[in-house]
Structure formats: C-alpha cells, structure tokens
1. Relative contact order of the chain, please, whole-number percent, based on alpha carbon pairs below 8 angstrom and at least 6 residues apart.
2. Using the C-alpha gyration tensor of the chain, what are the square roots of 5 times its eigenvalues, in whole angstrom, with the largest one first?
3. Please give the Cα centre distance for segment 1-49 versus segment 54-68, rounded to the nearest Å.
4. Computing the accessible area with a 1.4 Å probe over protein heavy atoms, can you report the carbon and sulfur percentage for the chain?
5. Please list, or write none, the aspartates and glutamates whose alpha carbon is within less than 15 Å of the alpha carbon of LYS86, excluding same-chain residues fewer than 8 places away.
6. In Å², and per residue, what accessible area does the chain have when probed at 1.4 Å with the other protein chains present?
7. Below 8 Å between Cα atoms, with a sequence gap of 6+, how large is the relative contact order for segment 50-115 in percent?
8. On a straight-distance basis, which lysines could pair with LYS75 in a cross-link, Cα separation under 26 angstrom, same-chain partners fewer than 8 positions away excluded?
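The values are calculated or read from the model by the stated rules, or taken from the named source; none is laboratory data. Note that this is a predicted model, so its numbers are computed, not measured. Virtual Cβ from ideal backbone geometry, glycine too; neighbours counted across all protein chains shown. In case anyone asks, the SASA skips ligands and DNA or RNA and just uses the protein heavy atoms, side chains included. Shrake-Rupley method; radii C 1.70, N 1.55, O 1.52, S 1.80 Å.
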Amino acid sequence: QVQLVESGGGLVQPGGSLRLSCAASGSISSINAMGWYRQAPGKEREMVAAITSGGSTTYADSVKGRFTISRDNGKNLVYLQMNSLKPEDTAVYYCYAASGLLISWGQGTQVTVSS
C-alpha cells in the first residue's frame with residue numbers, strides 16, 4: 001500500500017504561482033504512475049497532470065503551458081508547478097499513485113486563486 005501526503009497549497013492572486021508537493025511512502029516500488037487531480041466545489045474531480053515512472057507526462061488541456069509536473073524518484077516526491085494561475089484553478093488538489101489497478105490518494109490540499 002502507498003501513502004501520500006500533499007503540501008504547498010494556499011491562497012494566491014491571479015497570475016501568481018504555487019508549487020504542490022506529494023510525498024510517497026510505503027510500497028513505492030510498485031508505483032508506475034503518479035499525478036494530480038482536482039475538484040472544485042460542485043464539480044466532478046478532473047485529471048490535471050500525470051507522470052509515469054519512465055517520465056512521460058500528460059496534462060489537461062486547461063493547464064497545458066501553465067502547469068508542469070515533475071518527479072524526484074530518489075526522494076519519492078512528485079511536484080506540480082503551477083504558473084499563471086487563474087480563479088478557475090481554485091480547487092482541492094489530490095495527489096494519486098497508480099500501482100497496476102490500485103489507486104492510492106492523498107488527503108488533498110486547497111488551492112485558492114483570488115484577488
């Protein structure tokens with residue numbers, strides 16, 4: 001089983017930047033992909049970005065060119081660098097880890113973009 005802990009959320013003005021971190025522990029050798037989802041109030045959870053163990057990345061169209069996902073395998077960390085933030089990026093951001101068909105989730109971190 002994999003345990004995930006997110007950090008780095010907060011309040012930022014439109015156009016600002018934040019970096020989210022996700023620390024993995026437990027059965028980390030079984031992880032083949034990690035990434036981020038988000039859920040805004042009244043909306044379904046949506047995929048934001050993902051990165052495989054080989055380093056391939058995927059992004060939602062709404063964040064392409066603004067967000068960057070990266071992974072530090074040595075430290076079992078995944079980062080989400082978010083630039084040019086917009087009010088519509090406001091949501092709870094959840095880290096996930098995929099180990100085959102098993103998905104583990106973090107507790108979520110709030111990101112609020114507001115002036």
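1. This gives 37 percent for the chain.
2. After scaling each eigenvalue by five and taking roots: 23, 14, 13 Å.
3. Between the Cα centre of segment 1-49 and that of segment 54-68, the gap is 13 Å.
4. Here carbon and sulfur together make up 49 percent of the probe-accessible area.
5. ASP61
6. 51
7. That works out to 22 percent.
8. Correct list for LYS75: LYS64.
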